[in-house]
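Read-outs: derived from the displayed coordinates by stated rules, not from any lab. Remember, predicted model here, so these are calculated numbers, not experimental data. Neighbour counts run over all protein chains shown; Cβ positions are idealised from the backbone, glycine included.
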Amino acid sequence: MTAGWPPAPPAGRASRAKRGSPWTDPPGGTAFVAVPSSANRHARGMVAPMHSADRHILHLHRRGLLTGALALTALATQPGCVALAQEEGLFGLGVASGDPWPDSVVLWTRLTPRTPEPVPLRWEIAADDGFRQVVARGEAVAGPDHGHAVHVIPTGLQPGRHYWYRFTAQGQTSRVGRTRTAPAPDADVPVRFVNASCQRYEHGYFTAWRHAAADDALDFVFFNGDYIYEYGHRAVGASPLIARAVDGPECVTLDQYRARYAQYRRDADLQAVHAAHPFIVTFDDHEVQNNWVSDIPSVPQPAGVEFALRKAAAFRAWYENMPVRPAALPRGPDITAYRRLVFGRQMALHVLDTRSFRDDQPCGDGRKQACEAVHNPAAQVMGSAQEAWLFDSVRNGAAMQVLGQQIFMATRPYPGDQFSMDSWDGYPAARSRVMQGLRDRGIANPIVLTGDVHRAWAGLVTAGDRALGTEFVATSIASDGDGRDADAGALALIAAHPHLRFHSARRGYTRHEAARGRMTAEYLALPYVSRPGAEAAPVAKLMTEARAPGIIPA
Ligand SMILES: [Fe+2]
């Protein structure tokens, strides 16, 4: 993975590295916003953390043409737009929506113009799929400085209902996207959603998304990381896992990350699920680089400023391509993506960041016996600020407090007393502190939603003999290819450790329902992803109750 480092700058941009940190460049004039309605600003319990630096970077301007709505484009610093390709028209990367609140939702698209000039566009959102009842419309500019992506946030919407949206530019109109607002904070209604992760394009088709797109009962999709993989091109057949090829080298520069997102976004199944449901998205490691934490790349990749530059490029491309709110606008190599979304009285989803603020993986990473560093009582996975935020965030009154996060939390004692150092097993003191801290605040059964390991699991999060929470781990959409019904080693773990309850090594996702103080988890699995067209079938349906950790058949 180190071949060719540092990458040669693209032609015509050789001076980039000499201009200083790109994130300190002043923002340009393309970011703009209209003040949201007071109802939006006071929406209860859904305010994401926003550092003061965000407000400086945003450099926002009032624009009268966006009355009743908030629109945002990313900061302008780099002229490096690539004109993406071309026969597909302007809207070849599809549409998306995300971060639903009761009265607003982010609408997203990214244009593929033939030339790099800014493109004015119009957007509209309606209460019906025929656009006879348009409830908000406005204009925005998709410019090269943000990869021709645009984020628009209509406000004043009704809670707990579908809306339809579309974009128009240069005489072309996007496909129609459907989205859904969160229920009102006092609404006691079921919440149905998908937990999914890890869509390595090379490893298979995104058929699972086709099935999720057809599930009309979903309120949203939670995607907990590895939206892209950064690795460079390998030809189909180069290994048995390579079913499709990605273009280009390993992603390091902004243009490379942008191009990688564009390739993923051209996938028809991925476009379909984005057009069908709002997403709540966070990142794990591969949006930047395998197994990075904090400012530390995986060895032997370059660290220091070079890794900071890489993180800045990766996060900027992530922001541009995800339907997230402006609080997640990166500040160079730093980003605040942890946030809370509340879905009526049944559940609050706390989206965590277990990469950015974590101590280095102990014992040299990998699966190891515990070295001394594992026993560090001050070890951090979330960082002290995020921990304090979480302990405050759970005071919202919803029946179930759900942690949407990346790395395996329940302990997995592998043969030979080995543990995965890139999971919470590498940081047992942090795990106990977080889970006991939640218990101390009256959260009897924090429900943890995880990804990362490309396998489906269910288990109890324990500290010593005590169960402090319940974890449902979603398998991958495509990563690791077709898979198998189960790994023998995992089954042996379950047999030996009663806090581990379920395992599957197929591709798919988990479909959850939060209702009446219970969370169900239905595991959908596909028999193959190395070719298109697989059916999805449930392989388990489990349940936990808000009142105590536990897993029983549903
Ligand atoms: Fe992954």
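Antiparallel DSSP bridges in the stretch 16-553: what percent, to the nearest 5?
Of the beta bridges lying entirely in the stretch 16-553, close to 80 percent run antiparallel.
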Between Arg547 and Ala488, the two model label points (7 Å from Cα along the beta-carbon direction) sit apart by a distance in nm of 4.3 nm
Among the GluC sites (Glu not before Pro) within the stretch 455-538, which fall in a DSSP loop and have no more than 12 other Cβ atoms within 10 Å of their own Cβ?
Glu535
Using the number of other C-beta atoms within 10 angstrom as an exposure proxy, rank Met409, Met347 with the fewest first.
Met347, Met409
For the stretch 331-373, what class follows from the C-alpha gyration tensor (a ≥ b ≥ c being the square roots of its eigenvalues): rounded when a/c is under 1.5, otherwise prolate if a/b is larger than b/c, else oblate?
oblate
7 Å from Cα along Cα→Cβ at both Asn376 and Arg175: what's the point-to-point distance in nm?
4.6 nm
If you average 1/r over all unlike Cα pairs in the stretch 345-500 and invert the result, what Kirkwood radius do you get in angstrom?
16.1 Å
Run the numbers on the stretch 16-553 and let me know its relative contact order in percent, using alpha-carbon pairs under 8 Å that are six or more apart.
14 percent
The Kirkwood hydrodynamic radius of the stretch 234-312, taken as the inverse of the mean 1/r over all distinct Cα pairs, in Å, comes to 14.7 Å
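If you wrap a convex hull around the C-alpha atoms of the stretch 16-553 and split its volume per residue, what is the figure in Å³?
Working: hull volume 75.3 nm³, N = 538.
Hull volume over Cα atoms, normalised by residue count, gives 140 Å³.
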At R0 = 25 Å, how high is the FRET efficiency between Asp186 and Ser384 if r is their beta carbon distance? Nearest 0.05 is fine.
0.15
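I'd like the Kirkwood hydrodynamic radius of the stretch 120-250, using the inverse of the mean 1/r over distinct C-alpha pairs, in Å.
That comes to 17.9 Å for the stretch 120-250.
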Which is farthest toward the positive dipole end of the stretch 216-275 among Ile228, Gln256, Gln271, measuring Cα position about the Cα centre, with Cβ charges +1 (Lys, Arg) and -1 (Asp, Glu)?
Gln256
May I ask you to list the chymotrypsin sites (Phe, Trp or Tyr not before Pro) in the stretch 126-231 that are in a DSSP loop and have at most 15 other Cβ atoms within 10 Å of their Cβ?
Phe131
Let's see if you can work this out: charge +1 on each Lys and Arg Cβ, -1 on each Asp and Glu Cβ, no other charges. What is the dipole magnitude of the stretch 16-553 about its Cα centre, in debye to the nearest 20?
960 debye
